[in-house]
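Comments concern the structure below.
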Amino acid sequence: MEAWLKTRVKNKSYANNDETKIVLDLVKKYMEDGALFDTLDKNFSQIMGTNNSIKITSFINIMTALLVPYTMQSIERALYEKIFIFSMCWGICGLFDPEKREQFHKWLEERKAPLPSISAPKMVASERENVFDFLVHKDSSNWKTYDPEKWEKPKKFAFSQILIPTVDSTRSAYLIKMIQNLEISAFCTRSVLIVGAMGTAKTSSILMYCQKLDEKSAFKRINFSSATSPFNFQCSIDAEVEKRTARTYEPPGGKKLVVFIDDMSMPVVNVWGDQVTLEIVRQLIDQQGFYFLTKDQRGEFKQINNLLFI
């Protein structure tokens with residue numbers, strides 16, 4: 001956290017001259033004095049295990065994205081705290097199920113956090129509203145619920161292809177867009193992994209987001225199965241990029257390519273417990289490339305730029 005804050009000062013990307021002090025005070029209030037990680041380990045379960053370094057990286061990604069509109073301004077501590085809480089909810093606690101999210105909301109109340117006001121009907125509903133149902137609205141600097149767009153019937157109507165916006169899909173699109181609009185830096189990554197049980201509309205939410213990509217972006221969907229091999233994946237990516245220099249490739253037309261990997265957990269697990277297909281995915285995301293397989297260049301590294309992953 002201190003390294004991230006020093007980088008923001010160095011790059012003059014802070015939102016208040018006292019940003020470092022404000023954020024470290026909030027770190028102390030929630031993460032240190034509140035014994036956040038010990039509390040989470042003892043009292044909260046997640047739908048997928050992640051280590052604390054990944055949680056903090058996700059937290060920093062989200063907070064960086066939320067602070068972008070306020071660069072070199074002088075926003076109040078109250079707004080910082082709301083942005084901090086939102087980032088903490090999704091970066092550190094985003095893998096909680098609905099019951100644990102409500103429990104975390106109560107934990108924040110005990111810390112006297114500036115949480116959104118929950119209406120009386122929503123307090124007694126079967127699925128009670130909590131902080132995870134709100135975003136920090138830029139214009140009002142306050143909490144606001146997610147508002148799905150009004151659905152309009154398309155000109156070519158195909159029942160099997162209908163995608164109707166919901167609060168969940170709107171929230172997912174908001175989080176994806178926020179991360180993918182970041183500039184890559186030592187602290188910020190631009191890949192998004194959506195997890196959840198079967199039938200929770202993960203694919204539909206991503207497709208709705210990708211339908212609204214601008215003209216500067218291209219889209220590639222890759223469906224994984226138990227038969228998907230590293231070679232299949234590499235060929236799918238190679239088919240979408242073209243040569244720029246000897247070993248550097250990019251999507252055509254100067255566009256960014258949004259790669260949607262569906263059913264990422266499906267590739268076969270070998271006898272050692274590895275999913276080798278996911279290793280080449282990791283390599284492409286981490287190192288921005290993989291190795292040539294052609295006979296004349298085999299073993300040389302192929303740099304691939306302008307890829308984003310969901």
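Nothing in this text is a laboratory measurement; each read-out follows from the coordinates by a stated rule. Please read these numbers as outputs of a predicted model, since none were measured by experiment. Here the Cβ is made from the backbone with ideal geometry for all residues, glycine too, and neighbour counts use every protein chain on show.
Values as computed for the structure displayed
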{"quantity": "Degrees between helix 167-180 axis and first principal axis of the chain (Cα, 0 to 90, nearest 10)", "calculated": "70"}
{"quantity": "For the chain, the longest site-free run once trypsin sites (Lys or Arg not before Pro) in DSSP loop states with at most 15 other Cβ atoms within 10 Å are removed", "calculated": "13-110"}
{"quantity": "Helix-derived mean residue ellipticity, 222 nm - over the chain, DSSP H n ≥ 4, -39500 (n - 2.57), to 500", "calculated": "-11500 deg cm²/dmol"}
{"quantity": "Nonlocal amide H pairs with residue 218, under 5 Å, H built at 1.01 Å", "calculated": "256, 257, 258"}
{"quantity": "For region 138-147, 3J(HN,Hα) per residue [Karplus equation, 6.51 cos²θ - 1.76 cosθ + 1.60, θ = phi - 60°, Hz, x = Gly/Pro]", "calculated": "5, 5, 8, 6, 9, 6, 8, 6, 6, 10"}
{"quantity": "Read-out Cα extents along the principal axes in Å, derived from the coordinates shown; its label in (i) 135, 68, 28; (ii) 63, 51, 45; (iii) 73, 43, 36", "calculated": "(ii)"}
{"quantity": "Antiparallel bridge percentage (DSSP; both residues within the chain; nearest 5)", "calculated": "45"}
{"quantity": "Cα-based Lys proximity count in region 216-310, under 17 Å, for pairs eight or more positions apart or on separate chains", "calculated": "7"}
{"quantity": "Partner lysines for residue 156 [C-alpha distance under 21 Å; skip if fewer than 8 residues away on the same chain]", "calculated": "212"}
{"quantity": "Loop-located GluC sites (Glu not before Pro) in region 1-94 whose Cβ has at most 14 other Cβ within 10 Å (DSSP)", "calculated": "76"}
{"quantity": "Prolate/oblate/rounded label for region 216-310 (Cα gyration tensor, a/c 1.5)", "calculated": "oblate"}
{"quantity": "Proximal charge balance of residue 218 [Cβ under 10 Å; K/R count +1, D/E count -1]", "calculated": "+2"}
{"quantity": "Phi-based couplings in Hz for region 242-252 (Karplus 6.51, -1.76, 1.60; Gly and Pro marked x)", "calculated": "9, 6, 10, 10, 3, 10, 10, 10, 8, x, x"}
